[in-house]
Structure formats: C-alpha cells, structure tokens
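The structure appears below as structure tokens.
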Amino acid sequence: EGDFITSGGTAGSGPGQFDGPAVVAFDADNNVYVTDSGNHRVQKFTGNGEFITEWGKEGQENGQFSMPEGLVVDLISGNVYVSDTSNNNVQVFAPS
C-alpha cells in the first residue's frame, strides 16, 4: 500500500478539469500529460500540477479526437503519441 500524496482536477470542461481522464504520462522535464477522453483533448501540466496547455477537440480531422485514451511521450524526441479510440488512429504531436 502507498500513502496518499495529492490529487488534482475536478469534473468539467475548463482548464484542469476532466471528463474521463484515462492515461497519465510524463516527459523528460517532469511535465504531466493526461488524456481527457470525454472532453476529446489532451491536457499538459507542470510536475507541480499547474495547467500549461491543452489541445484537441471533438472531430475526425488531424489534431481532433473522439475519445482519446492511450498516450505515451518519447523521452528522447519529446513527441507525444495519442491513441484516438473512436477514430481508430494514433496521432503524433511535436513537443510544445
């Protein structure tokens, strides 16, 4: 068993809010990425939980998602890979 440290986020669609957070990943700078499936986006935070940015919206075009779930960050290149479940694809984003 582990000891509870902290939690972050609330229900909603604003920055730092979630509707179905699915996967958490970290980059080499200790930033945190979270797939926010119900809001069809990815959110990025500092290691201390401060909101940095978000990207994506519902749709089928490049940079749009329909229930993104999986996410991994390449620690060498910094590229972010997002599996977009309902659109049946994986999208790759350069670090920002």
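Which pairs have Cβ atoms under 6 Å, sit 6 or more apart or on different chains, and link a residue in segment 35-50 that is among the aliphatic types (A, V, I, L, M) to one that is outside any strand (DSSP E or B) and buried (at least 21 other Cβ atoms within 10 Å of the Cβ)?
Every condition considered, the pairs that remain are Val42/Gly56.
Read through the list (1) without any contact (Cβ under 8 Å) to a residue 24 or more places away in the chain; (2) assigned to a loop (DSSP other than H, G, I, E, B), then give the number of the only condition that Pro95 fails.
(1)
Within segment 1-32, work out how many residues are within 22 Å of Gly59 (Cα to Cα) and in contact with a Leu (Cβ under 6 Å, 6 or more places away or on another chain).
Number satisfying all stated conditions: 1.
Considering only residues that are in a strand (DSSP E or B) and open to solvent by less than 50 Å² (accessible area, probe 1.4 Å), look in segment 56-68 and name the one that is farthest from Ala28 (Cα to Cα). I'd like the intermediate steps shown before the answer.
Here is the first cut: in segment 56-68, the ones in a strand (DSSP E or B) are 58, 65, 68.
Filter again for open to solvent by less than 50 Å² (accessible area, probe 1.4 Å), leaving 65, 68.
Details: Phe65: 25, Pro68: 22 Å.
Applying the filter and picking the extreme gives Phe65.
Considering only segment 1-27, how many residues are assigned to a loop (DSSP other than H, G, I, E, B), of a type outside the set (Asp, Glu), at pLDDT 95 or above and touching a strand residue (DSSP E or B) at 6+ places or on another chain (Cβ under 8 Å)?
We begin by selecting, within segment 1-27, every residue assigned to a loop (DSSP other than H, G, I, E, B); these are 1-9, 12-16, 19-20, 27.
Checking which are of a type outside the set (Asp, Glu) leaves us with 2, 4-9, 12-16, 20.
With at pLDDT 95 or above added as a condition, the list becomes 12-16, 20.
Subsequent filtering for residues that are touching a strand residue (DSSP E or B) at 6+ places or on another chain (Cβ under 8 Å) retains 12, 15-16, 20.
Residues in segment 1-27 being assigned to a loop (DSSP other than H, G, I, E, B), of a type outside the set (Asp, Glu), at pLDDT 95 or above and touching a strand residue (DSSP E or B) at 6+ places or on another chain (Cβ under 8 Å): 4 in total.
Please determine whether any residue of segment 43-62 is modelled with pLDDT under 95, more than 11 Å from the chain's Cα centre (by Cα) and aromatic (Phe, Trp, Tyr).
no
Do we find that Gly47 is assigned to a loop (DSSP other than H, G, I, E, B) and touching a Lys or Arg at 6+ places or on another chain (Cβ under 9 Å) in this structure? Quick ask: steps written out before the conclusion?
Values: assigned to a loop (DSSP other than H, G, I, E, B): yes; touching a Lys or Arg at 6+ places or on another chain (Cβ under 9 Å): no.
So Gly47 fails the test.
Which one of the conditions (1) of a type in the set (Phe, Trp, Tyr); (2) within 11 Å of the chain's Cα centre (by Cα); (3) more than 15 Å from Phe93 (Cα to Cα) does Phe26 fail to meet, given that it meets all the rest?
Every condition holds for Phe26 apart from (3).
For segment 69-78, how many residues are outside any strand (DSSP E or B) and open to solvent by less than 40 Å² (accessible area, probe 1.4 Å)?
Residues of segment 69-78 that are outside any strand (DSSP E or B), as a first pass: 74-78.
Next, from what is left, pick out any that are open to solvent by less than 40 Å² (accessible area, probe 1.4 Å): 78.
Of the residues in segment 69-78, 1 are outside any strand (DSSP E or B) and open to solvent by less than 40 Å² (accessible area, probe 1.4 Å).
The values are calculated or read from the model by the stated rules, or taken from the named source; none is laboratory data. Because the structure is predicted, anything quoted here is derived from the model rather than measured. Because the Cβ atoms are built from the backbone with ideal geometry, glycine has one as well, and the counts that use them run over all protein chains shown. These area figures cover heavy atoms from the full protein model, side chains too; ligands, DNA and RNA do not enter into them. Shrake-Rupley method; radii C 1.70, N 1.55, O 1.52, S 1.80 Å.
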